[in-house]
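Here is the structure we will look at.
No lab work stands behind these numbers, since they all come straight from the coordinates. Remember, predicted model here, so these are calculated numbers, not experimental data. Because the Cβ atoms are built from the backbone with ideal geometry, glycine has one as well, and the counts that use them run over all protein chains shown.
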C-alpha cells in the first residue's frame, strides 16, 4: 500500500451511501405499493408475500424499469456509477484488490464491510434496506443486491476466506446467502493508516527495504546469482547457521527485484495465543499487501500441514533453515566466508582495524557484526559477542578459565616449539587455505586438531588454556557424562551439537580423557559392541569434517584408535619434567613474599627439591599449597619441613613413597 490517504476511505463511504440511496428509493416505491411493511419484518402483508415469491429475474426487471422511469432515481443511479468508477481508479483500493486477487463480488462485500467499520451508523441503514430491523450485518446476498454486480448467490468468497480478510459471524457457513459477515480489523486499520498494520504479528515481522547504496556487501555472490536465476515457484531454502547471513542474502535478492523483504520470526510468531494457521496467514497477508518477498526465519518449526497452506497462498517464499528440508524447490547452502570476505563484512560494520580473530576463525556475518557492535575489540568483548552469537549446550560443554600465559608454562624446549607451531598454524590457516589455495588438500574439513598425551599432571590442560588465551579463543571442555548416552544414536546427536556449537562460536574444543570417546574399535560380539563402533566411526568422520580447533588430551595414548592419529595434525607427548624444569616449577610455586609484601618463605634447598623429588607440575603445585597451609597453621614462614611433609602426602596419593628423610633434606 502507498502513503496514507484519506480519499480511499471517503470514496468507500461515498460509494456505499450512493448505492444505499438508490436502494432506499426502490424501498420507498415498494412501501407505496404495499409490497413492504413499515414495521420492518414484525408483520407481513399479502402483497409483500407476492413480491417475495416473484421470480428473481422478473423482480430485477421491475426494479430496473422503475429506476429508468423515476425522475428522482436517475440522478441517484448516475451518482452511484460515478462512485464505482472513482473507487476502482483509486490506487490504494486497486492495490488491495489486486494484491489479494479479489473478484468483483468479493471486493464489493469488502467495500461494504469497510464502510460499516468506519461508520457504524450505517448498520441501521443496512437493516432498513434489508427490510429487517434485526439484520444490521450485511450478507453476501445483500451485497450483491446493493451493488447490483450480477453475481450469483452465494457469492464466490474464496479470496476473502483464503486471506482471512473477512469471515462469517459466529463461525457460520460462508456459502449460505443469509450468512452475515465481519471484516478482519487489520484490513480497516491498514487502509486507514495507508500501510499494512496488523497488531497480532507486529512483534514477529520486520519490513526491510534498504536503499540500494546502503545494502551490506554481497557475501555470497554465487548463491545470489542462483537466486536471481530461479524463475519458478515454490520455496527456496537458504541453509546455514544462525547469523550466517541468510536474511541479508534474502534482502539483497528482494532488493534486486525492486521489492522489500518481510522477515518473519517464525518462533515468535507461533508463540502467540492464536491458532498457527491464523498467525501464519496474517504474516503472509502482510507480505502480499506490501508486495514484499516473505522470508521465514527458523522455518523448520512450521508444520507440514501449515506449509501446504502457505504454498497455496504465495507463489515464492524464502526460508532460513539449519538443515535442508525435503520439500524445498531449491536448497542453497551458504558456504563459510573466506578471510577476504570476512574483512569486507567487517569494513561495512566498523572503520576500526579488524581484530585478529577474523584471521583465525571462520566467523559468520552475524558474529562479525556482533563483534563490531561490541566496541573496541578487546578479547573479553569478542568472546562475549561470540557467546551470544552461538550459545553452547551447558550440559555438554563447560567453559574453562584461561588465566595462564606462555610464561607460566614450564615444558621442554622441543615441546614448547610444537605448541608454538600449533598456534602459528591456527593463526595462518586461512591465509594458507584461501590465499595460497591449499584448501584443495583439506576438502573434507579445515580444522586443526592435536593430541596431547602423557601422564596426568604434566601440563596438558594448562597448555590448552595457554593456547586458547594466546589465540583469543574460548576454551570449552567436553563433559563426557553429558555426551555419552545409553540410548542408540543419542551420543552421536550430542557430539554433533558439541562440534557444531564450537565451530559457530569460534572456540577451542578440549576433550579431556579422550580415550573414553576415541578408544579402539572392538570385535563385534553383540549389539552393544556394534553400537559402540558406530559411535567411534561417527567421531572419525566428524573430526575429519571439523572446521574448528580441537585438542584431545589423554594419559593412555596407546588406547586410542589408530585411525584417529591420521586425522590429527599434531601429536604432542607431555613427559615427566626433568630436574631443570622441576626447579623452575618449585620456584614459581613457592614465591618469597605475599602480595602484601610480607615474607612468607624460609630458606629452601631448591636443588634438592628439583633433583630428589620426581614429581609432576600438578604434584608440585599441590605440595606447595599443602606446605602453605601447614606453615600458616603454625604461624611461621614456609620451610623445608612443611614442603617435605606436603610432598610426602602428595606422593602417597599416587602410591609412591618418598624415600628421603627430613634430616637429609635439611643438610
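How would you classify the stretch 579-666 from its alpha-carbon gyration tensor, with a ≥ b ≥ c the square roots of the eigenvalues: rounded for a/c under 1.5, else prolate if a/b is greater than b/c, otherwise oblate? Prolate, because a/c is 1.5 or more and a/b exceeds b/c. This ranking places 20, 273 by how few other beta-carbon atoms lie within 10 Å of each, fewest first, which gives 273, 20. The radius of gyration of the Cα set in the stretch 78-129, together with its Dmax, comes out at 12.2, 33 angstrom. Computed FRET efficiency, Cβ-Cβ of residue 606 and residue 242, R0 56 Å: what is it to the nearest 0.05? Once rounded, the FRET efficiency stands at 0.55.
If the segment from residue 373 to residue 82 were pulled out straight at 0.36 nm per residue, it would be longer than the present Cα-Cα gap by 99.0 nm. Shown is the FRET efficiency for residue 323 and residue 348, computed with R0 = 30 Å from the Cβ-Cβ distance and rounded to the nearest 0.05: 0.60. To the nearest 0.05, what FRET efficiency results for residue 119 and residue 172 with a Förster distance of 22 Å applied to their C-beta separation? Step by step, r from the Cβ atoms, then E = 0.35. Measuring from centroid to centroid over Cα atoms, what is the spacing of the stretch 573-612 and the stretch 86-146 in Å? When both Cα centres are located, 92 Å separates them. Listing 636, 97, 187 from fewest to most neighbouring C-beta atoms within 10 Å gives 636, 97, 187. By the beta-carbon count within 10 Å of each Cβ, the least crowded to most crowded order of 121, 420, fewest first, is 121, 420.
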